[in-house]
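The values are calculated or read from the model by the stated rules, or taken from the named source; none is laboratory data. Computed from a prediction, not measured in an experiment: that's the story for all the values here. Here the Cβ is made from the backbone with ideal geometry for all residues, glycine too, and neighbour counts use every protein chain on show.
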Amino acid sequence: MAPNRLASVLVPRPDDLHEYISFSDGDSDQTWMIDATYMRSNYMCIYGQGCKGVLDDDATKLQQGCCSYGAHFLDKKDLASVRKSVKRLKPEHWQNFDKGRDGRWLTKERDGAEVTRRVNNVCIFHNEPDFEGGMGCAFHIAALEAGERPMDWKPDVCWQVPLRLEEFTEDDGHVVSFVREWKRRDWGEGGADFHWWCTDDSKAFVGDHPVYKSLKEELVELIGSKTYKTMVQLLEEKNSVPLPHPQVRRKTKKK
């Protein structure tokens, strides 16, 4: 028995170790797999507060966040929703108002996929730091002024990141849904070339609340209120011992 115990001690722990909670939906043929480590973490978007962007080099000064590339659309419903939002934008919200009017904000890639056009190598809806109406997403600025949720104005991918919902259908029709953090690989081949990515850096894990609380509206929109309530109940069970996020563990080791 001693050699076996020794071997188990010597096996290194994976660097990117996460715990998941799993539960079935009693009203549908579906199983949910939730990244509990990420949900319990204090990750927060640090746009304008140290975000280095998603270019090949440090792009902190550009203040582009993850808007450097045009936004793709999940489906026709997503695109139709954004078309309505564009019509509500005014010059004081949108730095590129004149360049994007009459549908010129939309373009197609080689594969035919529709995507928001880029102006000066950034999404056409991104306002530069010196714009009087405010830097960042024009949709975000306009929505807040209207007293509405920015997520209802933006392309789906823009408000979902850094959350990731993936669904797989098994041979018998059973659906398995994963809810986790958005990783570099989720951006495709280009993700590996990013100089920086937020969920890879402990500097982004500085929020005052856990992700499942700070991103409640986004999570409810993704998974529904009933599933969200079940998830929260399981995450808050007192008999569980949470596993700190890998970036938080690395930060602690450095200290």
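General remarks:
- Scanning segment 194-230 for residues that are in contact with a Phe, Trp or Tyr (Cβ under 9 Å, 6 or more places away or on another chain) and farther than 28 Å from GLN30 by Cα yields PHE194, TRP197, CYS198, ASP200, ALA204, PHE205, VAL206, GLY207.
- The residue list SER214, SER177, SER225 contains one member that is among the hydroxyl-bearing types (Ser, Thr, Tyr) and without any contact (Cβ under 8 Å) to a residue 24 or more places away in the chain, which is SER225.
- Sole residue being free of Cβ contacts under 8 Å to residues at least 40 places away in the same chain and among the β-branched types (Val, Ile, Thr), chosen from VAL115, VAL119: VAL119
Yes/no per residue for (1) outside any loop (DSSP other than H, G, I, E, B); (2) in contact with a helix residue (DSSP H, G or I) (Cβ under 6 Å, 6 or more places away or on another chain):
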{"position": "ILE34", "(1), (2)": "yes, yes"}
{"position": "MET39", "(1), (2)": "yes, yes"}
{"position": "ASN42", "(1), (2)": "no, no"}
{"position": "GLN49", "(1), (2)": "no, no"}
{"position": "LEU55", "(1), (2)": "no, no"}
{"position": "ASP58", "(1), (2)": "no, no"}
{"position": "LYS61", "(1), (2)": "yes, no"}
{"position": "GLN64", "(1), (2)": "no, no"}
{"position": "SER68", "(1), (2)": "no, no"}
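- Within segment 80-127, if we keep just the residues that are in contact with a Pro (Cβ under 8 Å, 6 or more places away or on another chain) and not hydroxyl-bearing (Ser, Thr, Tyr), the residue that is surrounded by the fewest Cβ atoms within 10 Å (Cβ to Cβ) turns out to be ASP98.
- Take the conditions (1) surrounded by fewer than 19 Cβ atoms within 10 Å (Cβ to Cβ); (2) out of contact with any Phe, Trp or Tyr (no Cβ under 9 Å at 6 or more places or on another chain); ASP58 misses just one of them, which is (2).
- Remark: pairs (first residue in segment 95-107, assigned by TED's automatic domain parsing to the domain that holds ALA138 and of a type in the set (Gly, Ala, Ser); second residue assigned to a loop (DSSP other than H, G, I, E, B) and modelled with pLDDT of 95 or more; Cβ separation under 9 Å; 6+ apart in sequence or on different chains) = GLY100/LEU89; GLY100/TRP94; GLY100/ARG117; GLY100/ILE124; GLY100/PHE125.
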